[in-house]
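Working notes, structure below.
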Amino acid sequence: MNSSDSGPRVAADNVVALVPAAGRGVRLGENTPKAFVAVGGTPMVRLAVDGLIASGAVDRIIVVVPAEFVETAVALLPSAKAVQVVVGGAERTDSVRAGIAAAPDASYFLVHDAARALTPPELIARVAAELRAGQSAVVPALPVVDTIKSVDPRGAVTGTPDRAGLRAIQTPQGFAAELLRAAYAAEIDATDDAGLVERLGAEVRTIAGEPSAFKITTPLDLLLAEAVLAKRRAQDNGRAGNGLRPDATAVRS
């Protein structure tokens, strides 16, 4: 893995995963970037990258980190030509933009939050498959189970949207590369990458998400992630004990 070269050339239908990993872990009570906080002894960013690799649907992975964490990231991530570390910016959009610039030959992008470290590889593969089948923007989504209220600046309720038409959006969010490039070139604001392409008038399709692809943001999330990962590892150990193979971990060739 190299923190400075432009990475390997890949096939014409290549999928490049961008992993912005510069966000601070303030709500986790940490002083380091959230992506470097450990779950079960493994930093979130490593778990997220391992999931992308295990999907078998990604040709190249670009991890975007603060300048002072480049060496740390290079040391803890897999030593593979298909995994590259680049320097990000002050905001998440700056980091994604840096990742896009590092992959001028990409056909499709998956933008994946490192904090969704336990996203199942099967979900990643389904997003990539939708792109290769012709969709230009695809996001995993879960039905909203809580009642949602809109409120005014004073905290007074102003409305109750019908949750039947609401979805909680996860990552990876997948895009045709030219569409995502155009969205970032437009210098518009949104809370996620799908929101950027929506502003361009593009249709964003949803597929069924996975509960385990939750975002690890608070100490309670971290406790849940520890429990989920411990169960996964116990199941993998059980498979190994029965002579069964654990999930494969190879970047698509």
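The values are calculated or read from the model by the stated rules, or taken from the named source; none is laboratory data. No experiment lies behind these values; they were computed from the predicted model shown. Note: ideal-geometry Cβ built from the backbone for every residue, glycine included; neighbour counts use all protein chains shown. Surface areas here come from the heavy atoms of the whole protein model, side chains and all, with no ligands, DNA or RNA. Shrake-Rupley method; radii C 1.70, N 1.55, O 1.52, S 1.80 Å.
In region 34-64, which residue that is in a strand (DSSP E or B) and in contact with a strand residue (DSSP E or B) (Cβ under 6 Å, 6 or more places away or on another chain) is surrounded by the most Cβ atoms within 10 Å (Cβ to Cβ)? Step through it out loud before you land on a result.
Our first condition is that a residue be in a strand (DSSP E or B); within region 34-64, this holds for 38-39, 42-43, 60-64.
From the residues that got through so far, the ones that are in contact with a strand residue (DSSP E or B) (Cβ under 6 Å, 6 or more places away or on another chain) too are 60-64.
Working: R60: 25, I61: 27, I62: 25, V63: 32, V64: 27.
Restricting to residues being in a strand (DSSP E or B) and in contact with a strand residue (DSSP E or B) (Cβ under 6 Å, 6 or more places away or on another chain), the top hit is V63.
So which residues in region 103-139 are in a loop (DSSP other than H, G, I, E, B) and either crowded, with 20+ Cβ neighbours inside 10 Å or among the hydroxyl-bearing types (S, T, Y) (or both)? Spell out how you get there, then give the answer.
From region 103-139, those in a loop (DSSP other than H, G, I, E, B) are 103-107, 112-120, 133-136; that's our starting set.
Correct list: A103, A106, S107, H112, D113, A114, A115, R116, A117, L118, T119, S136.
Is it the case, given these coordinates, that A156 is among the small types (G, A, S) and over 18 Å from A35 (Cβ atoms)? Steps first, please.
Details: among the small types (G, A, S): yes; over 18 Å from A35 (Cβ atoms): yes.
Spelling it out, A156 is indeed among the small types (G, A, S) and over 18 Å from A35 (Cβ atoms).
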### Task
Could you please find all residues in region 90-102 being over 16 Å from the mean Cα position of the chain (by Cα) and open to solvent by less than 30 Å² (accessible area, probe 1.4 Å)?
A102
## Note on the structure
Filtering region 65-89 for residues that are closer than 25 Å to D13 by Cβ and either touching a strand residue (DSSP E or B) at 6+ places or on another chain (Cβ under 7 Å) or buried (at least 22 other Cβ atoms within 10 Å of the Cβ) (or both) leaves a count of 6
### Task
Give just the number: which of (1) free of Cβ contacts under 8 Å to residues at least 40 places away in the same chain; (2) touching a Gly at 6+ places or on another chain (Cβ under 6 Å) does I62 not satisfy?
(1)
